[in-house]
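Here is the structure we will look at, set down as structure tokens.
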Amino acid sequence: NAGVTQTPKFQVLKTGQSMTLQCAQDMNHNSMYWYRQDPGMGLRLIYYSASEGTTDKGEVPNGYNVSRLNKREFSLRLESAAPSQTSVYFCASSLQGAGTEAFFGQGTRLTVV
Amino acid sequence: GENVEQHPSTLSVQEGDSAVIKCTYSDSASNYFPWYKQELGKGPQLIIDIRSNVGEKKDQRIAVTLNKTAKHFSLHITETQPEDSAVYFCAAGSGQNFVFGPGTRLSVLP
């Protein structure tokens, strides 16, 4: 049972490049989330998906897009990376929204130069 | 929307002492309050949670208390050990979203 798997673990991008962060969960969870973690700011929600086929903006969605490909997979895309997007990105999933435990992936450390 | 504050931002205790971390939230609709521990280079992991219909919950050396009226909840760790050193996050959950506090870096000194 792998839980939540994120790829890649590390990435360096040049300003203006694009990339997609992949996330997959094997717990049959309905809800999935993308957070970014910056020093002293905790975890801030970028986008979430309450169920397959739905996505909604979180606190800091600008510069990002997401796709809930199926129940297992939820990807985050940076279309034109900026230095302000340098951060650690975490994918999480929960069985049913914010009343149930969220399980986190190991994170992706992204640096935009 | 929900806003979660967390104090202190850093906390150092001697091994064997107790540690207390406090959080406040703003949205009275929040009904689920988890605490996460994050070790270096890893994702956050749930250590204990409490729901709004419960005032206190304990799991071995860890306990959480909730005061709905005052909109605050606290994490208590007793008999701290070096392996308790980590960053701890509180969160408030309502509907589909969790809102996290900024985190507390706990250092347990041998």
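Here is how the numbers come out for the structure above:
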item	result
Cβ charges +1 (Lys, Arg) and -1 (Asp, Glu), total dipole of chain B, debye	260 debye
Flagged links, alpha-carbon separation over 31 Å, of A:K71/B:K68; A:K71/B:K22; A:K57/B:K68; A:K9/B:K68	A:K71/B:K68; A:K71/B:K22; A:K9/B:K68
Of A:L78, A:A24, A:Y48, farthest towards positive along the dipole that unit charges on Lys, Arg, Asp, Glu beta carbons give chain A	A:L78
Peptide A:38-47 - average C-beta neighbours from other chains (10 Å radius)	4
Rounded to the nearest 20 debye, dipole of the range A:1-58 from Cβ charges on Lys, Arg, Asp, Glu	280 debye
For the range B:50-91: Kirkwood Rh in Å [reciprocal of mean 1/r, alpha carbons]	11.4 Å
Computed magnitude of the charge dipole of the range A:19-113 (debye, nearest 20; Cβ of K, R +1, Cβ of D, E -1)	120 debye
Alpha-carbon centroid distance for the pair the range A:51-109 / the range B:66-110, whole angstrom	23 Å
Peptide A:102-109, shielding by other chains (average Cβ, 10 Å cutoff)	4
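Rule-based calculations on the coordinates, nothing more; no lab input. Keep in mind the model is a prediction, meaning the values are calculated, not measured. Positions of Cβ are generated from backbone atoms using ideal geometry, with glycine treated the same way; all protein chains shown enter the neighbour counts.
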